[in-house]
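Chemist: Supplied in structure tokens, the structure appears directly below.
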Amino acid sequence: WAFFTYEGTYNIWEFYAASADELISNTIIGVVSVTVIALLFIPHWTAAVFVFPLICVLYVDLLGVMQWGGVTINAVSYISLLMSIGLLVDFIMHVLLRYYESEGNREEKTVATPRTMGASILTGAVSTFFGTLPLAFSTSEIFHTVFIAFLGLVTLGASHGLILLPVV
């Protein structure tokens, strides 16, 4: 007596039923975790004041870029969005850590940070972009989704880390 049916589309249906709530909760957990780690590893408590709002702004901007690129929430974009939290924080944490390790007053630190760390961050962003550039020429929707996610991640992360953060 078969009481339950099984079809492969049930898994997809269940994913789409739970994905929005799961994405929101996992994003909140990821952003809070990154902020707590910043509190532990950056030598000044005010780092969390910069990390938390900038990661939130970067994440919302990345969602906008993915929407602009025609990417909808699916399994690949879900994983790309969650993975992006760890990659986006890289652009911000290096700048903040260098700022707090620099000598001098606020103005001298602000000038010294992009001068000493800016080239490394820009090199990392450009190399990541060139590493994912072949995905742009693929006909696969999966590779297109990953390319749009990484394109937004690299451009937004580098611009927020090298332009917005020193201004703030």
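The values are calculated or read from the model by the stated rules, or taken from the named source; none is laboratory data. A quick note: this is a predicted structure, and the numbers were derived from the prediction, not measured. Cβ placement follows ideal geometry from the backbone for every residue including glycine, while neighbour counts extend to all protein chains displayed. Ligands, DNA and RNA are excluded from the accessible area calculation, which covers all protein heavy atoms including side chains. Shrake-Rupley method; radii C 1.70, N 1.55, O 1.52, S 1.80 Å.
Chemist: Hand me the chymotrypsin sites (Phe, Trp or Tyr not before Pro) from segment 31-73 located in a DSSP loop with no more than 12 other Cβ atoms within 10 Å, in residue order please.
Modeler: On the way: sites: Phe41, Trp45, Phe50, Tyr59, Trp68; in loops: Trp45.
Passing both the DSSP loop test and the Cβ count: Trp45.
Chemist: When the Kirkwood hydrodynamic radius is evaluated over all pairs of different C-alpha atoms of segment 34-74, what value in angstrom, to one decimal, is obtained?
Modeler: Numbers: mean 1/r = 0.0867 Å⁻¹.
Value: 11.5 Å, from the Cα pair sum.
Chemist: Here's another thing I want to ask about it. Rank Asp21, Asp90 by accessible area, highest first, at a 1.4 Å probe radius? All intermediate terms of the calculation are to be shown ahead of the outcome.
Modeler: Details: Asp21 110, Asp90 75 Å².
Descending accessible area places them as Asp21, Asp90.
Chemist: Could I ask something else about it? Would you mind computing the Rg to Rh ratio of segment 6-138 from its alpha-carbon coordinates, Kirkwood style for Rh? Don't jump to the answer; show the numbers that get you there.
Modeler: Values: Rg = 18.1 Å, Rh = 17.0 Å.
Dividing the radius of gyration by the Kirkwood radius yields 1.07.
Chemist: Let me ask something else about it. Can you tell me the convex hull volume per residue for segment 85-129, based on C-alpha atoms, in Å³ to the nearest whole number? Could you put the intermediate results ahead of the total?
Modeler: Working: hull volume 2.8 nm³, N = 45.
Considering the Cα atoms of segment 85-129, their hull volume per residue is 61 Å³.
Chemist: Rg (Å, one decimal) plus Dmax (Å, integer) for the alpha carbons of segment 53-92?
Modeler: Both quantities, over Cα of segment 53-92: 10.1, 27 Å.
Chemist: For segment 77-168, restrict the atom set to alpha-carbon positions and state the Rg and Dmax in Å.
Modeler: Values for segment 77-168 (Cα only, Rg and Dmax): 15.1, 52 Å.
Chemist: Right, here's the next one. With r as the distance between the Cβ atoms of Trp68 and Ile12 and R0 = 22 Å, compute the FRET efficiency 1/(1 + (r/R0)^6) and round to 0.05. Please report the intermediate quantities before stating the final value.
Modeler: Working: r = 25 Å, r/R0 = 1.15.
Between Ile12 and Trp68 the formula returns 0.30.
Chemist: Can you send over the carbon and sulfur percentage of the accessible area for the chain, probe radius 1.4 Å, protein chains only?
Modeler: Details: 7200 of 10250 Å².
After summing per-atom areas, the C and S share lands at 70 percent.
Chemist: So what is the accessible area of segment 1-157 per residue, in Å², with the probe set to 1.4 Å?
Modeler: Values: 9680 Å² over 157 residues.
With the other protein chains kept in place, segment 1-157 gives 62 Å² per residue.
Chemist: Let me ask another. Roughly how many Å is it from the Cα centre of segment 29-77 to that of segment 106-168, as a whole number?
Modeler: 14
Chemist: Using a Gaussian network model on the chain with a 10 Å cutoff between Cα atoms, which of Val32, Val89, Val154 fluctuates the most?
Modeler: Maximum among the listed residues: Val32.
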